[in-house]
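The values are calculated or read from the model by the stated rules, or taken from the named source; none is laboratory data. Quick caveat, the model's predicted, so the values are computed rather than measured. Here the Cβ is made from the backbone with ideal geometry for all residues, glycine too, and neighbour counts use every protein chain on show.
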């Protein structure tokens, strides 16, 4: 299989175990999780019966999951991630909703999870800071599968890193983000091990086989067949992108 079409295991060890530090080094990430949850909460689904079926791609430590639970009390959420260390934290934080049956965590990569689901089985597919981690070819397959599993009229919402179209402006944003890593991990915490892991990770994010550029990303979604693309919020290289599956 072509490397561009493979899932990667990027979140492990101390990087995954202390991923909550994302809030300190990248405050827009927490804001984007909130916006994903609020957008989902205000969305009026097509007239269907029974609980709303929501798939979250990339459980992480459960931050976005918790916001989705709060904003959609009518939803059953299936949340997937292929990082055991992250899922362990998420399951601990959200033991209550698991026990009541509102929430299920599954250890599986996003593409595998999507491929295991029937067509037109989900009202919503939501994600925050997950898709940018994928290799470009793999991401294309994930997007195609999202469209397949959504019900007609169903919603896709993604809060994520979208590289600015202006290369110089985008580079300036990345440089400022890396300076923040040095301030937190060296200046405040004296953790050069974490600094090394976070810098390595962002360099991977910014490589040509990974980077999710804003305009090409929206064009790719339109070409796959998503309808009503919108960007309700954007903050530099972070954007909330939404679209729906057309009625056919």
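List of remarks:
- Meets criteria (assigned to a helix (DSSP H, G or I), modelled with pLDDT of 95 or more and in contact with a helix residue (DSSP H, G or I) (Cβ under 7 Å, 6 or more places away or on another chain)) for residue 148: no
- Residue list for the range 206-216, restricted to those being closer than 14 Å to residue 138 by Cα and surrounded by 15 or more Cβ atoms within 10 Å (Cβ to Cβ): 210, 211, 212
- Going through (1) at pLDDT 90 or above; (2) exposed (fewer than 14 other Cβ atoms within 10 Å of the Cβ); (3) not in a helix (DSSP H, G or I) one by one, residue 99 falls short only on (3).
- Selection within the range 68-90: residues that are part of a helix (DSSP H, G or I) and at pLDDT 95 or above. The member of this set that is nearest to the chain's Cα centre (by Cα) is 68.
- The selection criterion, being over 19 Å from the mean Cα position of the chain (by Cα), farther than 30 Å from residue 121 by Cα and either surrounded by fewer than 18 Cβ atoms within 10 Å (Cβ to Cβ) or at pLDDT 95 or above (or both), holds for residue 175.
- Any hit, the range 107-116, residues being under 24 Å from residue 69 (Cβ atoms), more than 15 Å from the chain's Cα centre (by Cα) and surrounded by 21 or more Cβ atoms within 10 Å (Cβ to Cβ): no
- Failed criterion for residue 209 (all others in (1) touching a residue at least 60 places away in the same chain (Cβ under 8 Å); (2) out of contact with any strand residue (DSSP E or B) (no Cβ under 6 Å at 6 or more places or on another chain); (3) in a helix (DSSP H, G or I) hold): (3)
For every residue, the table says whether it meets (1) in contact (Cβ under 8 Å) with a residue 24 or more places away in the chain; (2) farther than 30 Å from residue 150 by Cα; (3) out of contact with any strand residue (DSSP E or B) (no Cβ under 7 Å at 6 or more places or on another chain); (4) not in a helix (DSSP H, G or I).
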{"residue": "180", "(1), (2), (3), (4)": "yes, yes, yes, no"}
{"residue": "185", "(1), (2), (3), (4)": "yes, yes, yes, no"}
{"residue": "198", "(1), (2), (3), (4)": "yes, yes, yes, no"}
{"residue": "216", "(1), (2), (3), (4)": "no, no, yes, no"}
{"residue": "221", "(1), (2), (3), (4)": "yes, no, no, no"}
